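Worksheet for the structure shown next.
The values are calculated or read from the model by the stated rules, or taken from the named source; none is laboratory data. Given the structure is predicted, the values throughout are model-derived calculations rather than measurements. Please note: Cβ atoms are built from the backbone with ideal geometry, for glycine as well, and neighbour counts cover all protein chains shown. Note: accessible area is taken over every heavy atom of the protein model, side chains too, but ligands, DNA and RNA are not part of it. Shrake-Rupley method; radii C 1.70, N 1.55, O 1.52, S 1.80 Å.
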Amino acid sequence: MAKLSQSPTDPAFVQDPYPFYAAARAQGPLHHWDEYGMTAAFSHAAVTHCLKDRRMGREAPPECAPAIPDRLRPFYEIEAHSMLELEPPRHTRLRRLVLAAFTSRRIAGLRPEIEALCDQLIDAFPDGDFDLIPAYANRLPVIVIARLLGVPEEMADDLLAWSNAMVSMYQARRTPEMEAAACAAAAAFADFLRGYVEERRSRPADDLITELIAAEADGERLSTDELISTCILLLNAGHEATVHATGNGVKCLLEHGMRCEVLTPDRIEGTVEEILRYDPPLHMFTRWIYEDLEVMGRPFKRGDRIALLLGAANRDPQVWEDPEVFDPSRPVKTNSAFGAGAHFCVGAPLARLEMQVALPKLFARCPGLRLAEAPRYADLYHFHGLERLVVARG
Ligand code: HEM
């Protein structure tokens with residue numbers, strides 16, 4: 001196992017992390033990544049194995065749980081009840097409740113609404129060059145998830161601001177100022193939801209918040225803290241990655257000179273899967289090891305951590321022919337963009353639907369769409385999404 005050094009904030013890496021992944025993977029599936037101080041998995045087989053191995057998980061073993069300084073409490077109090085940070089039995093109970101509400105019928109039923117929303121957003125595009133991220137990629141998923149939960153969509157700007165501040169806690173370039181902003185956002189978000197849930201108790205509707213409130217009333221199934229954390233998780237996870245996946249997708253199609261021909265109803269599913277494989281928006285997640293074990297012949301001890309590089313797994317030549325080539329016509333094989341195993345993305349069907357509607361709609365309505373400046377990725381690793389995507393309608 002080699003020891004690798006690569007700063008996750010190095011500008012060249014932020015713009016294109018794939019050469020580093022390819023060089024690492026060519027030397028073997030697991031390497032020590034110095035900057036993270038832990039072993040990292042670069043191959044599809046190693047990443048998938050770890051995601052599915054129940055002897056690893058996201059929740060720290062009690063003796064390893066880092067002490068939380070008082071100033072960070074508002075943020076970690078929300079995280080403490082978030083299914084994404086938990087393992088069974090709490091994870092199982094929370095995930096089951098959310099999955100019951102995310103039925104394929106409810107998701108598929110959103111299609112006409114998503115189409116209408118795309119049309120409205122495109123109607124409002126400014127003349128001349130403009131940034132497609134705030135005008136389109138950002139708006140669509142935040143409004144959809146707000147409606148699905150039953151939170152007023154006029155709150156979209158607040159939701160975006162709180163969410164952006166909170167997710168900055170997961171990036172390599174975290175600073176004390178970001179931590180303070182994340183804590184303030186977590187507190188404001190929780191305050192809003194506590195007040196809103198109180199008000200909503202007497203106004204049931206056909207939405208997710210009504211179902212979660214009913215589970216909370218039952219007491220056994222959901223505590224009030226879990227209700228608040230679940231809403232925050234869904235609202236944040238429900239748009240952060242989709243924004244970047246949509247932005248990366250538009251960039252990819254424009255740079256490869258591909259548009260309506262790969263977005264037809266018979267090809268759109270394959271094209272979206274290829275976008276998610278080729279340039280996924282989330283590149284790394286970590287796992288704690290719960291018992292002494294081996295991964296690909298290498299020993300790990302309880303309390304070790306391992307980084308799983310989804311972005312590297314998706315370009316593994318053992319699985320995909322010419323993985324560095326963007327080819328929407330390649331046969332679809334399961335990629336790692338949505339993870340795997342117990343924490344597999346709850347929102348995958350929704351994210352796919354949003355992209356399958358938003359991309360064809362955009363190119364059909366704006367057939368001359370072109371890049372007006374070279375797109376740049378934001379310095380937000382392990383997120384991999386664009387800072388700006390300035391386009392012209394042509
Ligand atoms: C293209 C867009 C998206 C991508 C690439 C993505 C990716 C992921 C990944 C990789 C994980 C697993 C993390 C891990 O194993 O440590 C995850 C979990 C999760 N995602 Fe997504 N996601 C997307 C959109 C969404 C949407 C639209 C929702 C809306 C509800 C959502 C909700 C969740 C939730 C609740 C979890 C936690 C699941 C659990 O812990 O059991 N995601 N997502």
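Looking only at the stretch 340-374, count how many residues are surrounded by fewer than 17 Cβ atoms within 10 Å (Cβ to Cβ) and among the charged types (D, E, K, R).
So the answer is 3.
In the set 161, 172, 237, 146, which member is open to solvent by less than 10 Å² (accessible area, probe 1.4 Å) and within 18 Å of the chain's Cα centre (by Cα)?
146
Can you name the number of the only condition in (1) free of Cβ contacts under 8 Å to residues at least 60 places away in the same chain; (2) assigned to a helix (DSSP H, G or I) that residue 248 fails?
(1)
Filter the stretch 81-139 down to residues that are hydrophobic (A, V, I, L, M, F, W, C) and part of a loop (DSSP other than H, G, I, E, B) and give me whichever is most open to solvent (accessible area, probe 1.4 Å). Reasoning before the result, please.
Going residue by residue through the stretch 81-139, those that are hydrophobic (A, V, I, L, M, F, W, C) are 83-84, 86, 94, 97-102, 107-108, 110, 114, 116-118, 121-122, 124-125, 130, 132-133, 135, 137.
Then keep just the ones that are part of a loop (DSSP other than H, G, I, E, B); that gives 86, 102, 110, 124-125.
Numbers: 86: 8, 102: 26, 110: 19, 124: 79, 125: 15 Å².
So the residue we want is 124.
Kindly list, by first and then second residue, each pair from a residue in the stretch 58-73 that is open to solvent by 100 Å² or more (accessible area, probe 1.4 Å) to a residue that is assigned to a loop (DSSP other than H, G, I, E, B), limited to pairs with Cβ atoms under 8 Å and residues at least 6 apart or on different chains.
Qualifying pairs under 8 Å: 63/303.
Considering the stretch 209-223 alone, what residues qualify as being open to solvent by 60 Å² or more (accessible area, probe 1.4 Å) and touching a residue at least 24 places away in the same chain (Cβ under 8 Å)?
Going residue by residue through the stretch 209-223, those that are open to solvent by 60 Å² or more (accessible area, probe 1.4 Å) are 211, 217-218, 220-221.
Result: 211, 221.
Would you tally the residues in the stretch 275-291 being among the charged types (D, E, K, R) and under 18 Å from residue 14 (Cβ atoms)?
The number of residues fulfilling the criteria is 1.
So which pairs qualify, if the first residue must be in the stretch 272-293 and free of Cβ contacts under 8 Å to residues at least 24 places away in the same chain, the second must be in a loop (DSSP other than H, G, I, E, B) and open to solvent by 30 Å² or more (accessible area, probe 1.4 Å), the Cβ gap must be under 8 Å, and the two must be at least 6 apart or on different chains?
So the pair list comes out as 292/301; 292/302.
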